Structures are given as C-alpha cells and as structure tokens.
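**Q** Take this structure first; my questions come after.
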Protein chains: 4
Amino acid sequence: MVAEKSALPKSVAQVKVLAQPGFMPAEPRSAAEPHIWRWRDLRPEALEMGQNVHDRERRVLRLGNPSLAPRTATTNTLFAGIQVVMPGEVARAHRHTPAALRFVIESRGGYTVVNGDRVPMLPGDLVLTPNWCWHDHCNDTDEPMIWLDGLDTPLNGLLETVFYEEYPDEVQPPVDVMDKGLTRYGGRALLPRWEEHHGRHSPLMHYPCEEARSSLVRLAELAEGSPQDGVILEYTNPLTGGAVMPTIACHIQLLRPGERTAAHRHTSSTIYHVVEGRGASIVGGEELAWESHDVFCVPLWAYHEHVNTSSEPAILFSYTDAPMFKALDLFREQAHPDGRLGA
Amino acid sequence: MVAEKSALPKSVAQVKVLAQPGFMPAEPRSAAEPHIWRWRDLRPEALEMGQNVHDRERRVLRLGNPSLAPRTATTNTLFAGIQVVMPGEVARAHRHTPAALRFVIESRGGYTVVNGDRVPMLPGDLVLTPNWCWHDHCNDTDEPMIWLDGLDTPLNGLLETVFYEEYPDEVQPPVDVMDKGLTRYGGRALLPRWEEHHGRHSPLMHYPCEEARSSLVRLAELAEGSPQDGVILEYTNPLTGGAVMPTIACHIQLLRPGERTAAHRHTSSTIYHVVEGRGASIVGGEELAWESHDVFCVPLWAYHEHVNTSSEPAILFSYTDAPMFKALDLFREQAHPDGRLGA
Amino acid sequence: MVAEKSALPKSVAQVKVLAQPGFMPAEPRSAAEPHIWRWRDLRPEALEMGQNVHDRERRVLRLGNPSLAPRTATTNTLFAGIQVVMPGEVARAHRHTPAALRFVIESRGGYTVVNGDRVPMLPGDLVLTPNWCWHDHCNDTDEPMIWLDGLDTPLNGLLETVFYEEYPDEVQPPVDVMDKGLTRYGGRALLPRWEEHHGRHSPLMHYPCEEARSSLVRLAELAEGSPQDGVILEYTNPLTGGAVMPTIACHIQLLRPGERTAAHRHTSSTIYHVVEGRGASIVGGEELAWESHDVFCVPLWAYHEHVNTSSEPAILFSYTDAPMFKALDLFREQAHPDGRLGA
Amino acid sequence: MVAEKSALPKSVAQVKVLAQPGFMPAEPRSAAEPHIWRWRDLRPEALEMGQNVHDRERRVLRLGNPSLAPRTATTNTLFAGIQVVMPGEVARAHRHTPAALRFVIESRGGYTVVNGDRVPMLPGDLVLTPNWCWHDHCNDTDEPMIWLDGLDTPLNGLLETVFYEEYPDEVQPPVDVMDKGLTRYGGRALLPRWEEHHGRHSPLMHYPCEEARSSLVRLAELAEGSPQDGVILEYTNPLTGGAVMPTIACHIQLLRPGERTAAHRHTSSTIYHVVEGRGASIVGGEELAWESHDVFCVPLWAYHEHVNTSSEPAILFSYTDAPMFKALDLFREQAHPDGRLGA
C-alpha cells in the first residue's frame, strides 16, 4: 500500500513570478570565446608530460577554453586534448558514452584496439572510438605517439549522459590481422552484405591519411568547392552516407595558396587542427594566425573565415557538433552580410 | 593581407595535465532531484499572481526544481510553469527556438494563435507552439485561463541555441475560421495532399482533450498496455508517426484503479501532470503522492513506478526529452532488477 | 563433384542483332484504355450472380478492362471487382501477397476478419486486407453485402510474385470485441506505444465512412484544394504518414458543385469509384459521364480532368499504384499544356 | 458543358463471374527458365556482328531467354546483352527511363559519357547510366570494345514506363578532365559537401575493376562471407549506403577454390557474369557449368547454389531486381530445406 504519508516532500517556495520581457536574447552568444593553441607551445609541454607523468590510463593535455573554466571544454559541447603515449606504454581498455576521435600528429606506428579490431595509427590518420565501444591504445615503437583527442564530453556533461565501464583486462585480446574493419568497410562505395552492423555510428574506425589527402588534392584541381569552406570532404558512415557519429561530424579541407573563404556563422561549433600549411582565421572578430598542428576553435554563432596566407596548400582537419543541431532542428546558418571580413 | 601580428592571443597556461582514472562515473546521476508541485498550493498562488502582476507578456509561475537553482529548470532539459491569462488579457505575439507546449487546466474558452491559426483552448487540450512558430494567447472570457507551460528552455540554454523575435504587432491578425490546422491534419489517419508542410514538427497544433481521453478509456477496456506505463498513447506528428517536436514527445496514459506499474529508468527525463485521479509515484526512492493537476518530475536515470491508489481511473499527461536522446544515440533504458519498488 | 556434362544446355540461337533506332517510344502509351462500368448495369448482374452462383470462396464480378483482355486487369497493374456476399454466407479465410482493399457499397452490417480482428463493414467504409494478412468475410445480416474489391493482382502477375495460402479452418476464430485495430490505431494523431507493429502496411484496417466524409465536407469550406484533384484526402498509415500499403494508395476527394479540375497525367494509374454525386471525367480524350457507384479507370499517362456537373457535392474514392512508381523513381507527372480540356 | 451524351462508352459484357478456388498458386513459378550463354559462342558472334552490322546507335547481341520469347528479356524484369563498339565508332547520345549498367569485358580504353562526365571503360569496370541520364559511348582505340549491357527494360516494359529522348547532338561536349564523378564521390567513405546530388541513384557512375577485385581478395582472407553467396560485396550509392539504382543492385563475389554455397531462392531474379574462374551453378534443378565471361540467369523463386570447381578463385559479377521487391514489400527468401543441392 502506498501511504499518503508524504505531506509536501519539497517546498513550493521555489515557485516564482516571471516577468518575462526580454528574458530571451535575440540571438545566442556562446560563453566560449575563440581560442588558439599553438603547436610550438603544446609539443614541448606534451613531451615533458610524457616524461614526468606516469599513468596507466591516459595522459592528456586538456585544451580547455579559458572562457569556459572551470568546465573542461574547448567549445560548449566539444573537447580537444593532446594525448601522449610513450614508447612501450599502453592506455588501458575502457568504454564510455562520450564519442571520441583521434587525429594522429606524431607516430611511427602504434595502434588503437576498437571493439577487438586493431587499428594502426600513423600521422594524419583519423581513428574513431564511438559511444560505448571498447578501446585501448598501445605504442609498440621507440618514439612517443602524439595525437589530437576529440570528444563530446562537454555535451555529455551538459546532458548528464556519461556512462563509463572498465574492461575486465588491461587490454583487449591480441589479433592476428590488423585493420579488419577497414578491409570490410573501407572499399570505395563497396559494402559487405553478409553481416549486419549494429549501432548508429560508422562501422569504419579508421580513415587513413593518404586517402583523404590525395582525394583533396585531386578535387582541388577540378572543383571550386564551397565558398565558406573551400574544397571540403566529410568523413562518412559508409552505411548511410551521413556523419561518422550521431553527435560529431569530421571534415578535412584544403585551402589553395592565397584562398580566402566567405564569412559565415552557424549554431554548431567547430574545432580545427592544422594538418599542414600556414594561414589565419578571423573568428568572432579575432584574427588567429595558424601553422602546422595548431588547434583552434570556432564557437557557436561566431562569424568566421579562413585564409591561406602561404604559397603552399593548407589542409585543415575539423570536427563539429552540427549533426546534433540538425537532428534537433536547431541548426541555423547565416552568411556574413559583408561577404568577407578580412582585407 | 593577414598580418602575423597576433603573437599568442590567448595564453596556453590553460593546458593542464589530466590524470584520468575515475574521471567518469559508472553511470549518471542527475543534478535534478524528484519533486512535486501540488495544485492546492499552486492554484492560489497563480490566481494571486493574476491579480497582482501586470504584464503585457506572460505571467508564469516557474516550477523551478530547487535542486537545480539558480537555473530555471524543472529537469535538466525541461521546464514547467503555470501560466495565467486573466479575462480580457492578451499575451503578445513572439517566437523563439525553444519548443513549447500548453496543457490547459482551467478555461472557459480563450485561444492561442499559432502561425496565424486560431486554436481554442479548453481543459485537457494540448496546444503546441513549436520552435520558431509565432504565437500569442488571448482570454476573451470572463474567467482566468490557467495552463501548464512545457518548454525545452533549459536544453536550449545548455546548448546556447536561444533565438527570440517579437512580432511587429501585439497580436497576429484575426481570422474568420478557428482551428484550421485541426480540420486539415486532425482526421483519423487522413491527410490533405495538396499542400506541403515545412518543418520538422507536427503540422497539428491542437490535440483536443476529448479525443485523447475517450481513446484511452476505450483502449483500457481491451489492452493491457505497457508494464512500465499502463495504457499510454503518444500524441504524434501525423505526417511521420513520430514525436510532435524533435526535442519533446508528449504522452497521455491511464492507470486503472489499483494498477501499479513496473519500475524502470531511462536517460530521458519526464514531467508529469495529473489530469485526473489520485495515486503516487516512487521516483528515485522518494514517494510522491499526487492528485488532480499536481505536477511532478522524474529526473534522468531515476527509477520510477506509478500506482493508482484510488478506485477511479487516473490519467497522467507527460512530456519528455526522449526524442533528443534517441536522435543522439544516448537513450538507454533499464528495468529495475526487483521489478517493482512499492508494496 | 559437378561434372562438366552439360555442353550447351540451351541454344545460343536466341542471340539476335539489335538495330535499335526507335526501339523505345518517346513516351509511354498504356495498353489500357479509359473505361467506365455503370452501376445501373453492375448492380443487377451482381445480384443475379448472388442468386445463381454458389461458392464457398468469393463471388466477384471482374471489371476487366476490354482493352487488356485476356488479362484480368482494370489498369495495367490494378484490378477492380464487385464482390457479393449473400445473407448468411461466409467467404472463407485465406491470404495472399496481392494487396487488397474493399470499399463498401451496400451493407446492413456484416464484417471482415483481418488477422484475427473483426472489422465491421458499412457503406462508404474502407477496409484493408494487405499483403499476406489472413482474411475472411461474413454476412450475418438479411440483405446482400456488395462492395468494390481493389487489388494489385495484375501487378503481382506481372512481377510473378503471387503467393497464396488457405487458412486451416473455414474462418478465423470468433472474437469478443470488434474493431480492436481501430480502437488502437484510429485515434486522431494518437498512437499506442506499448506494442510494435510489424509490416510495411498500415496497422489500421478500417477507415470508417463517416470520418472521411465529414473531414472532406469541413475542408471544402476552408480550402481550395489541389487544382488537379480538388479537396482530396489520403487515407494513411498512421505510423508513417505514408500510403496505406507499399503498392497502393487510397484517396477520397470532393468536387464542389460545378467544380472542374485542371488536366494532368502521370505514370501511375487510378481506379475511381463514385461515392455520391454526378459528373464526368475526360480521360485520354474520352468523356466518361458518371453517377453514384459507377467505377472508372484512368490509365497510365492519360490526361484526365474531372467535373462535377451537378448542384450537389460529388465524392470520389480512388486507389492508385503511385507509391510503387515513386519507390522505383519512375513517377512522372505533367500538367496539360492547355490547362483544361473540357468546355 | 459536359453533355450526358455518352450512353455506355464501353460494353459491360466484360463483366464475368469469378469462381476463385485455386485461382492463385501456392507459390510463384517464373515463366523464365534458367539459361546460360557461353562466351565461346557469344564472342565470335559479337565480333561478326561488329563487322557486318553498321549502326549509329547501338549494336547489341540480345541475350533473350528462350522461355520468355517473344519478349526480349533475360529474366522477367531484367535484360542482358553484349554490346560491341568498333574502333573509331561512337554510339550516339540519348537517355531513357530504363536504368542501365555496363560491365566491361574487352577494352583497351574507350569511354562512356554520362551526363557530361567522361568515364573510362576498362575490363572489369562497372559503369552506370541510370534512369534518364544522358549517355553516349566512344571507342577511340584500335580494338573492339565489348561489354555486358544490363538493363531493366523488361520491367519498364511490364510497367509501361519507358520514356526516351535523343540528345540534340551526336555526342555530349568534350571535357578536359576524365572521371570527375569518381574523383568527387569515389573516395573511401569521403564525400564532398559543397554540392547536392539530385536523384535517387548513385552519384558515382564508375566503379573500377581493380578496387572491387582487390577488396574481394583481401576480404576472402579474413571472412567466411555469406553461406549463400560466399564473400560478396555490393556496389553502393555512397550517399545512402544503399543500392546503386532504385530498381537494380549490383554485386561482386568470390568463391574460393572448391567452395560450394548453400542453396536458397528469393523473389528477386539475378543475372550473373563470370569475371574469371570456372565452376557451376545448380539453378532450378539444372546444372549450368560456367567459365570466364559466360552469362547466366537465376529466375525468380528458383533454388540455386554455386560451386567453384577449380583450384583458382572464381569471381562473379551480378545484378538483381531485389531493391524493387524490397521497396514493394514483395521480397521473400527461403533456404533450401536440404541445405545444399549438389554432391
């Protein structure tokens, strides 16, 4: 029997009168400000951390946006970090609901195991470890491995959806063949049809550098590309043609020497990593000059444009929460009325 | 020319070492606690507010969850309020990205205008004012109108996606025919095919009480319903068979006299409004006894079960953020290992 | 061991040279010609058949299009028939892959059992018996039941996909409650959420006359409707908002007194049944004058327009293979260059 | 005014009584019988035709199934032909609603132009010319080009949906860059995002041999594949992960030396082309021994199994109408009760 014992379990004092005029802003302004982290600063710190911090788990320089402190977040919903795995180390196996990606900066080999599949990691490779997939990392080479960690931990924090589980052993069992997933799902528009993939994320965990780079270079010879992004490719889930994960989309783009993009803004935020080249981005009124391996962020609804200031192609990798906003019908995009911001 | 003027626009001092063991919890625990707001407290306050507060906009008792203060939120993502429109008043026209619904508690008439369509509001009616739809309210009767306001303002706050715009005039133009949308889209599985509906939300803004109530009563005679929810109907977008809005789903359910549901929990949160009847819900270990027009919330990942403690049917209206979690692949559900919590 | 015994199992003489110029027409011309079957002829024949033909199965006047003989087809893909069930008779239970619908013309009661659900049949009701659903019919009244049978048997014949199975007993077991499916799925944009419907067709087998008729009449007061079809409603699958069955869509439309529609044509074909009223259709150059309960067909790619020649509303029920053509990307539609054909 | 002049525009004599018991078969039996066309017969005929037939359009050996004569069809819905383009020839530009594919057998170069994109054709390449895409072919080499033509002309014939249009000029304009579509859409799970593809078919018109072949070989080393098909890959639309065209899916499969597949049947029909290797298929009770470049068909609902009787891998290309049956909910599949048919 459910007794009517509870009088008022909580006070109603919380009830307040709302005088609403102006309680909503005409348009959003993100708490996150534009920010750039320079590789010339990050790399020494990363290596020093590699020497001095000993950790069976993960050793990560967090690229926390100062404007968002004390939250550990790079934009409102996305996180970027620099992870280091020293020679001979493993980062032990676990899984979590936050979706993660790795974009390799320095490596002579080494690998990530995702749900039992051993995925090699070489510079420029994109490796996914989606929502609730087991993953461990191992550096079996003589040089440190350094990569960019991208996660939606801030989003999962906001939505209170973090689940976490440790693998029963330190690492997943060894396998005899590497990169099975790439062999299965990495053909050009070819898919195996004797098995079903469960899950909303891509079945492909490895997007090798060379393929993306050479596709970009070939495309840059024959296509203008987007006014706002130049020649840009999305890494996709080959089973759907959509984003690699429901909360994060990944892109790689090439800016030709001297190319300047048109300015626009959108409700999604983006974190950029400079794969190669030199240029600058004007983001929310600030000019961020960048070069190889720098990391910078474009907060929600901040106008931005990019320029390649050099005489070589510049290549940017980026990840964004746009799929989430589109799924929720909260995606908006707006061209800057002046077209371009810079000179 | 983009000068390399900017040295380091932001310090890298933000970079920190992360020793991660245990940085993620095994499962989430919402900052929101279970809470109930009782109609016997709310109604007098609402009417007093109606007398004393004068506002051209909206007069709302905010059911802020004390555990979430200073945020104005009922669960982490959803808001509930009690809105009062006094005889002769209008609440002037505006639109915003937060999605809203109204569930009418007291009214002798009166209406909401949504994107030009005049929608009557009678007790038990559900009225939608989705993302970016113009809406104004008018009470042209002699009695106060009181309704439950449901919004995803907390979610839009978390995601920094609030856009707001005032209508150029106080109200939208008068119309000669009421409830055109209901006539168009409110047939039983009948849809007009000479026009296209744009937008991801339902084209139907009005779900009259009588239809929902009588469907429930008829169903309760022939179906067991769900172990966790009894006989439960979802208000749907007739163009898709899915949720009425991408971020909010609405349901109405009937618990038979003495019926007790099975306990479960999910990553979505839910706000309940007692349409009629008397019973109790055990939510996250707390027993919340309820009766007509009370409002209570079930936070994310809190076990809950409901019981009708009376000898009459009990009817609950509820709204939930489940469609968002499903779209992001973050929806999880778990039955309580003991089946039922209460005696 | 697979022996190489077979030299050439079939001659290659079949191989022929193709000189292709002109082997494809600029546009299609259906083998089916426009045709009308008049109720004043059909009804006496139907009743006479009811007296003289004794059949445990089904007694159907086939509305075979003379231009398609010896095929039993009304258009290239669709069939229409007039089925009669005499007082006290049953049409025994079976199922087949061809999808079927019944539109009731005369009845004082009687019912169809579809997959165990007993569905009443009154004049103007639409009853579905989709692909592979068990169905039997029973007339437990004192008057003959007469209805329009609509099937895609010609399509299934063309595609060689007819499967058929007899029910082990003459009829499906009796039930205590009628029309459970309508109670479950027939609410206005309300869906039960404790059960999953399997199958691509509508879970709703019964679309009562009164609902469709009254929706049409209300809509005709406030909407222009489509230039080609007037005020037209589609009977839909409430779980998807789409066609009731993957191969057949059903519509009901109202033409106001004197209303004449614009002429167009499409790759789908349509069979019309006059629910009430008097008018004419110009189809492929032929004028077909119609009145209550007449049946006529519009073949693929034939221009057609309708006119209500009376001073009362005219109501037409119709079914079409358009969903198939849309699924196969073979749907095309074209307005007549002159707008209207008739005077 | 629409006069009531027309008495009975068509006789009602067509109306007949239907005594239906047994009018539908328990399961379908295709009019098409299993058939094989051997390359040792086809090639000389093709080359002789190349010498003797002069045609500005297309020169095609039609692989009409004798059991379907006088229809020009290989299965009920699909057509196969052997097309020859002699050195220096062009097959002039046109488009039609039947969807087409080409699988190249012999070629030293030469190309097809599809909607303005010049696509090279080398042995083993798959080239699409979908519904309503302009296409012309040109052999600018010194050797004859020979390929397998696959079309759904029989389906379009059955459905009466053939539209055809000649290009204003003999060929589409020359281009400076070849295979732009492959550069755009042929990356491994990489898609350009600055342009929208219109149409339901794949945006990719060229699936080069080498990619498919090497994917198969790599997969055969690590995967069992399907019991019924061995290691099988589907050529997909990279924008959706689905079939290349709404009416036709294309696959390539590898049978290891000695591998014998399990027998099954389905409502779809399939046309096979032996890319390389030697083996046999038991189809509908007939054993069809095959070797390189032979073509054979599996009619609807005929049990079939394949065996590689050699000590080298065998590779089969095939195309099927399965997507159509799935779209219409008419796809059925059944394993043979005995598992395997052959010894």
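The values are calculated or read from the model by the stated rules, or taken from the named source; none is laboratory data. In this text the structure is predicted, and so the values were computed from the model without any measurement. Cβ: placed from backbone, ideal geometry, glycine included. Neighbour counts: every protein chain shown. Side chains included, ligands, DNA and RNA excluded: accessible areas come from the protein's heavy atoms. Shrake-Rupley method; radii C 1.70, N 1.55, O 1.52, S 1.80 Å.
**Q** Through the Karplus equation 6.51 cos²θ - 1.76 cosθ + 1.60, θ set to phi - 60°, convert the phi angles of the range C:314-329 into ³J(HN,Hα) values in whole Hz; use x for Gly and Pro.
**A** 10, 10, 10, 9, 8, 9, 8, 8, 3, x, 5, 5, 5, 4, 9, 6
**Q** Could I ask something else about it? What are the nm distances, shortest first, from C:Phe23 to its equivalents in the other copies, labels at 7 Å along Cα→Cβ?
**A** Taking the point 7 Å beyond Cα along Cα→Cβ, the inter-copy spacings are 3.7, 6.7, 7.3 nm.
**Q** For peptide B:31-39, what's the mean number of Cβ atoms from other chains within 10 Å of each residue's Cβ? It would help to have the intermediate numbers written out before the result.
**A** Numbers: counts 1, 1, 2, 2, 5, 5, 6, 5, 0.
Rounded to a whole number, the mean comes out at 3.
**Q** Label 7 Å along Cα→Cβ of D:Thr141; the range D:255-279 residues with amide nitrogen under 19 Å?
**A** What the label zone holds, given the 19 Å backbone N cut-off, is D:274-276.
**Q** In whole Å, how far is the Cα centre of the range D:33-48 from that of the range A:48-92?
**A** After rounding, the separation between the Cα centres reads 65 Å.
**Q** Just give the residues from the range C:59-85 buried by at least 20 square angstrom of accessible area in the all-chains context relative to the isolated chain, probe 1.4 Å, and say none if nothing qualifies.
**A** C:Val60, C:Leu61, C:Arg62, C:Gly64, C:Pro66, C:Asn76
**Q** Put a dot 7 Å past each Cα toward the Cβ at D:Glu276 and A:Gln51; how far apart are the dots in nm?
**A** 5.5
**Q** I've got another one for you. Could you compute how fast the range C:18-117 diffuses translationally, taking Rh as the Kirkwood radius over C-alpha pairs and applying Stokes-Einstein at 37 °C with viscosity 0.692 mPa s? Give it in µm² per second.
**A** Values: Rh = 16.5 Å.
Using the Kirkwood radius from Cα pairs, D works out to 198 µm²/s.
**Q** Ok, one more. Of all accessible surface on the range D:29-335 at a 1.4 Å probe, what whole percent is carbon and sulfur? Kindly include the intermediate steps, with their values, before the conclusion.
**A** Numbers: 4560 of 9460 Å².
C and S atoms contribute 48 percent here.
**Q** With a Förster radius of 56 Å, plug the Cβ-Cβ distance of B:Ser214 and A:Ser214 into 1/(1 + (r/R0)^6) and report the FRET value to the nearest 0.05.
**A** 0.30
**Q** Whole-Hz Karplus ³J(HN,Hα) for the range C:198-207, in order, using 6.51 cos²θ - 1.76 cosθ + 1.60 and θ = phi - 60°, x for Gly and Pro?
**A** Karplus values, whole Hz, x for Gly and Pro: 9, x, 8, 8, 4, x, 9, 9, 10, 10.
**Q** Report, by chain and number, residues whose modeled amide H sits under 5 Å from the one on D:Val114, excluding near sequence neighbours (fewer than 5 apart, same chain).
**A** For D:Val114, the qualifying residues are D:Val119.
**Q** When ligands, DNA and RNA are left out and all protein chains stay put, how many square angstrom of accessible area per residue does chain C have with a 1.4 Å probe? Present the calculation step by step, with values, prior to reporting the outcome.
**A** On the way: 11720 Å² over 343 residues.
Per-residue accessible area for chain C comes out at 34 Å².
**Q** When all alpha-carbon pairs of the range D:158-248 are counted, what percent fall beyond 21 Å? Please list the in-between numbers first.
**A** Details: 2138 of 4095 pairs.
Summing the P(r) of the range D:158-248 above 21 Å gives 52 percent of all pairs.
**Q** Hey, could you get me the Stokes-Einstein D for the range B:80-157, Kirkwood radius over alpha-carbon pairs, 10 °C and 1.306 mPa s, rounded to whole µm² s⁻¹?
**A** Numbers: Rh = 12.3 Å.
D, rounded to a whole number, is 129 µm²/s.
**Q** Counting helices only, and only those DSSP H runs with n ≥ 4, report the 222 nm mean residue ellipticity of the protein assembly as shown as the sum of -39,500 (n - 2.57) divided by its residues, in deg cm²/dmol to the nearest 500. Don't skip to the end; give the middle numbers.
**A** Values: 20 runs with 188 residues, N = 1372.
Only helices count here, giving -4000 deg cm²/dmol.
**Q** Over all directions, how big on average is the projection of the convex hull of the alpha-carbon atoms in the range D:257-302, in square nanometres?
**A** Working: hull surface 12.6 nm².
Projected area, direction-averaged: 3.2 nm².
**Q** Longest segment of chain A with no GluC sites (Glu not before Pro) in a DSSP loop having at most 14 other Cβ atoms within 10 Å? Write down the numbers at each step before the final one.
**A** Values: sites that count: A:Glu4, A:Glu170, A:Glu195, A:Glu196, A:Glu224.
No qualifying site falls inside A:5-169, the longest such stretch.
**Q** Among B:Leu239, B:Pro44, B:Asn65, whose Cα lies farthest out toward the positive end of the dipole of the range B:29-335, if unit charges sit on the beta carbon of Lys, Arg (+1) and Asp, Glu (-1)?
**A** Result: B:Leu239.
**Q** How many angstrom separate the Cα center of the range D:266-284 from the Cα center of the range C:295-341?
**A** 42
**Q** Ratio of Rg to Rh for the protein assembly as shown, alpha carbon only, Kirkwood? Could you put the intermediate results ahead of the total?
**A** Details: Rg = 34.0 Å, Rh = 34.8 Å.
Using only Cα positions, Rg/Rh for the protein assembly as shown is 0.98.
**Q** With +1 assigned to the C-beta of every Lys and Arg and -1 to the C-beta of every Asp and Glu, and no other charges, what is the dipole magnitude of the protein assembly as shown about the Cα centre in debye, to the nearest 20?
**A** Working: 124 positive and 180 negative charges, 0 e Å.
Rounded to the nearest 20 debye, it is 0 debye.
**Q** Put simply, what bits of the range C:155-185 lose 40 Å² or more of accessible area when the other protein chains are there, versus the chain on its own (1.4 Å probe)?
**A** Residues passing the criterion (a loss of at least 40 Å², heavy atoms only) are C:Leu158, C:Leu159, C:Glu160, C:Thr161, C:Val162, C:Phe163, C:Tyr164, C:Thr183, C:Arg184.
**Q** Okay, next question. Hull surface divided by four, with the convex hull built on the Cα atoms of the range B:101-209: how many nm²?
**A** On the way: hull surface 32.4 nm².
Average of the hull's projected areas for the range B:101-209 equals 8.1 nm².
**Q** Through the Karplus equation 6.51 cos²θ - 1.76 cosθ + 1.60, θ set to phi - 60°, convert the phi angles of the range D:163-171 into ³J(HN,Hα) values in whole Hz; use x for Gly and Pro.
**A** Once θ is set to phi - 60°, the couplings for the range D:163-171 become 10, 9, 8, 8, 6, x, 10, 5, 9 Hz.
**Q** Moving to a separate point now. What are the semi-axes of the equivalent ellipsoid of the range A:29-335, taken as the square roots of 5 times the eigenvalues of the Cα gyration tensor, listed largest first and rounded to whole Å? Mind dumping the intermediate values first?
**A** On the way: eigenvalues 158, 99, 83 Å².
The answer is 28, 22, 20 Å, longest axis first.
**Q** I would also like to ask the following. Which value does Rg/Rh take for the range B:271-336 over its C-alpha atoms, Rh per Kirkwood?
**A** 1.02
**Q** Quote the total accessible area buried by chains D and C together, excluding ligands, DNA and RNA, probe 1.4 Å, nearest 100 Å².
**A** Buried area (both sides, nearest 100 Å²): 8000 Å².
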